[in-house]
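Worksheet: the structure to be examined is printed underneath.
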Amino acid sequence: MAQAKKERKRNRWTDRLRTKYRLVFMTDDTLEERLTFRLSRLNVFIALGTLTIVLIFLTSFLIAFTPLREYIPGYTNVGLQKKLYKLQMKTDSIERDLKNKDRFLLNMRDIINGKDLAEDKQLPRDTTKRYGDIKITRSMEDSILRAEVDNQAKYSLYKVENIESANKRKSSIGGALFFSPLKGVITNDFNNATRHYGVDIVAGRNETIKAVLDGTVIFSNWTLETGYVIAIQHPQNIVSIYKHNSALLKKVGESVRAGDPIAIIGETGELSTGPHLHFELWNEGNPVNPKDYITF
């Protein structure tokens, strides 16, 4: 009897799930049927379950494969991290370049003012690289190659140039065709030992000073020791400097051609003892004797 009752209850439960119902949509005024659906509880449960699964799948797809996941706490954009890393590297490189340019401008200012060049300061190490993890070891192949090169150098017929001759060759600018900045008499020659890095040329008052080569004006201003000074950057890393002028005819950034008037001779500055031009010629950051390349 108990088993029969259980089966009846189970049948009643399944019958209720399968019992058909009709869902009718009617107009309120005429009671006309518009839509009719035959439903059962089982069909409703299946439809709701399927819809729930589809919504969960679509939500997961949107979170995993669209930018919407960035708005959910805990998710980060991998591409954004790469961009931040690249920007950090570029910022570090720009900072190092700016420091190099600032050091170059400071050295140029010291050259123009007749001061000694400041010693190069070591730039800060790149923090993005772990220098402590770098291990330099010499391989067997490297040792063999070094031994071969040393043996070849022992029997070489050519002499190795010393550092002084290499610097002279590097500073050679004889291939450039210079224009005389001023016709006059040289009263003080170039002397590297006394740090007189140019020549003093005496000429008549109000004589015009001309550019020795084509180039761009990088300095044109007043200094306390050397008065009105103008400096021009030329090709082949050549810089010409004109000091103690009474007036400047060109501004910073202007382009000049060889022979163009750039200043008027004068005696301005504390280090001047009369109307003259102090002319300096620099190549690769080293002073050279202008008389070796220009006829005054």
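Only the coordinates and a few stated rules stand behind these numbers; no lab work does. As the structure is a prediction and not an experimental result, all values here were calculated from the model. Glycine also receives a Cβ, built like all others from the backbone with ideal geometry; neighbour counts cover every protein chain displayed.
A simple packing score, the average count of other Cβ atoms within 10 Å per residue, orders the peptides 12-20, 285-293 as 285-293, 12-20, with the highest score first.
Taking the mean number of other Cβ atoms within 10 Å as a proxy for protection, how do you rank 138-149, 179-190, 242-253 from highest to lowest?
On the way: 138-149: 9.3, 179-190: 15.8, 242-253: 18.7.
Taking the mean over residues of other Cβ atoms within 10 Å, the ranking is 242-253, 179-190, 138-149.
Taking 0.36 nm per residue of sequence separation and removing the Cα-Cα distance, the LEU145/ASP214 pair yields an extension gain of 20.1 nm.
Report the FRET efficiency, 1/(1 + (r/R0)^6), for TRP13 and ILE56, where r is their Cβ-Cβ distance and R0 is 25 Å, rounded to 0.05. All intermediate terms of the calculation are to be shown ahead of the outcome.
On the way: r = 28 Å, r/R0 = 1.13.
For R0 = 25 Å, the calculated efficiency reads 0.30.
Spin-label model, ILE63 to ARG38: label points 7 Å out along the Cα-to-beta-carbon direction sit 4.1 nm apart.
In the stretch 8-65, Cα pairs under 8 Å separated by at least six residues give a relative contact order of 26 percent.
On full extension, the segment bounded by ASN107 and ASP189 gains 27.2 nm, given 0.36 nm per residue less the C-alpha separation.
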